[in-house]
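Visitor: Pasting a structure below so you can have a look.
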Amino acid sequence: MDHSYSNTKPHQKGKYLKLNDRTTIQELHSKGYSNRAIARELNCSLSTVGYELKRGTVSVYTGNVKRYKAVEGQSIYELHRSECGRRSLFLRRHKFIDYVSHCFHNQCWSLDACVGCALAKRIFQKDQVVSTKTLYNYVDLGLMDIKNGDLPEKVKRNTKTRRA
């Protein structure tokens, strides 16, 4: 790996491993390098190499032999990455969002009135309701069937862009 003509960038410490880093781990591990030597070569933590070898090791042949596969490690990493992060309230509070949309279109209520009425009449629990600000953010993002043009006060206001 000490070639002067190599055009791949070395791994930065503290960053996620990429497929080429995993391929390097696979090559060095198959040659018999220790985890410490692989970590030194990749410029990453020793435990990162250990976790990666544990994550990407699969059974080959009849299940008696275990080998590290870079592609398998990458696919497991991508699966874990897709499941991380906070889930949107929009998906979890869809009944309330449908209620707000119904009240807005059929009864001509404002978004704030929909939230207030839902809480005052106890149609929804407090933990089932999103705030008015969140509703306006959903309208801005286009997640709801309400458009900014449907909001009379919002269209009237002349907002200025802030300068840095």
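Values quoted throughout were computed directly from the atomic coordinates according to the rules given, and no laboratory measurement underlies them. Note that the structure is predicted; figures quoted are calculated from it, not measured. Here the Cβ positions follow ideal geometry from the backbone for every residue, glycine too, while neighbour counts run over all protein chains shown.
Visitor: Across bins of 5 angstrom width beginning at 0, how are the C-alpha pair distances of region 19-83 distributed, in whole percent?
Guide: All Cα pairs considered, the percentages come to 4, 19, 28, 26, 15, 7, 2.
Visitor: List the residues, sorted by chain then number, that are 5 or more residues from ILE146 or on another chain and whose placed amide H is less than 5 Å from its amide H.
Guide: none
Visitor: While we're looking at this one, here's another question. Aspartates and glutamates within cross-link reach of LYS15: Cα-Cα under 18 Å, excluding same-chain residues under 8 positions apart?
Guide: GLU41, GLU52, GLU78
Visitor: What is the calculated FRET efficiency for TYR51 to CYS117, with r their C-beta to C-beta distance and R₀ = 35 Å, to the nearest 0.05?
Guide: Efficiency for this residue pair is about 0.10.
Visitor: To continue, here is another question. Given [x] 10, 38, 39, 13, 1; [y] 9, 32, 29, 16, 7, 4, 2; [z] 8, 25, 15, 11, 16, 17, 7, 0 as candidate values of P(r) over Cα pairs in 10 Å bins from 0, in percent, which corresponds to the one derived from the coordinates?
Guide: Label of the calculated value: [z].
Visitor: Another question, then. Given labels modelled 7 Å from the Cα in the Cβ direction, how far is it in nm from LYS31 to THR62?
Guide: Taking the two extended label points, one gets 3.3 nm.
Visitor: Hey, another quick one. What trypsin sites (Lys or Arg not before Pro) in region 15-62 are in a loop by DSSP, with at most 15 other Cβ atoms within 10 Å of the Cβ?
Guide: LYS15, LYS18, LYS31
Visitor: In 5 Å bins starting at zero, report the fraction of Cα pairs in region 89-156 per bin as a rounded %.
Guide: That works out to 3, 18, 32, 28, 13, 5, 1, in percent per bin.
Visitor: Compute the length gained on full extension between SER110 and GLN125: take 0.36 nm times their separation in residues and subtract their Cα-Cα distance, giving the result in nm to one decimal.
Guide: So the chain would gain 3.4 nm between SER110 and GLN125.
Visitor: Still on this structure, please answer the following. Grab the Cα-Cα distance for LYS69 and ARG81, subtract it from 0.36 nm times how many residues apart they are, and report the gain in nm with one decimal.
Guide: 2.5 nm
Visitor: Here's something else I'd like to know. Say the dipole of the chain comes from +1 at the beta carbon of Lys and Arg and -1 at that of Asp and Glu; which of LEU119, ASN148, LEU46 then lies farthest toward its positive end?
Guide: LEU119
Visitor: I want to check a number: in region 89-156, how many lysine pairs have alpha carbons closer than 17 Å, given a sequence separation of 8 or more or different chains?
Guide: 5
Visitor: So, one more: Below 8 Å between Cα atoms, with a sequence gap of 6+, how large is the relative contact order for the chain in percent?
Guide: After rounding, I find 13 percent.
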